[in-house]
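Q: Dropping a structure here in structure tokens format, bear with me for questions.
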Amino acid sequence: MVDTTILAQALGFISFGLGFSVFYQKNDRHLKILMLIFNLNHLLHFLLLGSMVSALSAFLSALRTTTAIFVSSKRVAAVFIVISLVSGFWVAEQWRDLWPIIGTVIGTYSVFCLSGIRMRIGFLLGASCWLTNNILVGSIGGTLLEMTVIVMNLLTIYRLHRQQSESMINQSSY
């Protein structure tokens, strides 16, 4: 029989790979679809690690991302933010349980209300919260993931900025 901790860490490494591909996407819709798959895998990972607040946040992130594929609404974002805050504080047992809640709130606002470079900056802030959480709950793959997400987001922001600059230069030369 496979040890639960080994399975949890294996799923964390799968999340690492999924997260790597998610945040490399320049297309917002592709990013959201891959993020859904990532969140579902992360949900199982945190359940096996015994981090209920992290699992709840991953579940809410999966619901949020599914909705965000089809809807871009500040009202829907507000509903998910309230649900995340209320359920997170209800399940939280100590101060360190707040990191995934804050990360989920930032991610929710980013995925519903922002796009392009601004959305990726929001993801940078959320990734910082999740990095802290993953270190605290002992998620090896999750920790590596969030460090990589931060770097990948920075690279994607640079690529998007360069693409916008090139587009503006090409338009002004006509």
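The values are calculated or read from the model by the stated rules, or taken from the named source; none is laboratory data. Fair warning: this is a prediction, and the values are worked out from it, not measured in the lab. Note that each Cβ is placed from the backbone with ideal geometry, even for glycine, and that neighbours are counted across all protein chains shown. Protein only, heavy atoms only, side chains kept; ligands, DNA and RNA dropped before computing areas. Shrake-Rupley method; radii C 1.70, N 1.55, O 1.52, S 1.80 Å.
Q: Probe radius 1.4 Å, ligands and nucleic acids ignored: give me the carbon and sulfur share of the accessible area of the range 1-146 as a rounded percent.
A: Numbers: 5020 of 7060 Å².
Carbon plus sulfur share of accessible area: 71 percent.
Q: Might you work out the accessible area of residue 97 for me, using a 1.4 Å probe with all protein chains in place, and round it to the nearest 10 Å²?
A: Around 30 Å² of this residue is reachable by solvent.
Q: Still on this model: Sketch the reach of a paramagnetic label on residue 73 as a point 7 Å from Cα along Cα-to-Cβ, and name the residues of the range 9-45 whose backbone nitrogen lies under 20 Å away.
A: What the label zone holds, given the 20 Å backbone N cut-off, is 29, 32-33.
Q: Going by alpha carbons, how many degrees (0 to 90, nearest 10) lie between the helix axis of 74-91 and the longest principal axis of the chain?
A: Its long axis makes an angle of about 20 degrees.
Q: If the only charges are +1 at each Lys and Arg Cβ and -1 at each Asp and Glu Cβ, what is the size of the charge dipole of the chain around the Cα centre, to the nearest 20 debye?
A: Dipole magnitude for the chain comes out near 600 debye.
Q: I've got another one for you. Identify which of 70, 20, 80 has the largest mean-square fluctuation in a Gaussian network model of the chain, with springs joining Cα atoms closer than 10 Å.
A: The residue that fluctuates most here is 70.
Q: In deg cm²/dmol and to the nearest 500, what is the mean residue ellipticity at 222 nm of the chain if only DSSP H runs of at least 4 residues count, each as -39500 (n - 2.57), divided by the residue total?
A: -29500 deg cm²/dmol
Q: How would the range 1-79 be classified by its alpha-carbon gyration tensor: rounded, prolate or oblate, with rounded meaning a/c under 1.5 and the a/b versus b/c comparison settling the rest?
A: Numbers: a/c = 3.61, a/b = 1.60, b/c = 2.26.
The shape class here is oblate.
Q: How would 147, 35, 168 rank on accessible area, largest to smallest, probe 1.4 Å?
A: 168, 147, 35
Q: Give me the 1.4 Å probe accessible area per residue for the chain, excluding ligands and nucleic acids, in Å².
A: Working: 9180 Å² over 174 residues.
I get 53 Å² per residue for the chain.
Q: How high is the relative contact order of the range 76-160? Use alpha-carbon pairs under 8 Å, at least six apart in sequence, and give a whole percent.
A: In percent, rounded to a whole number, it is 27.
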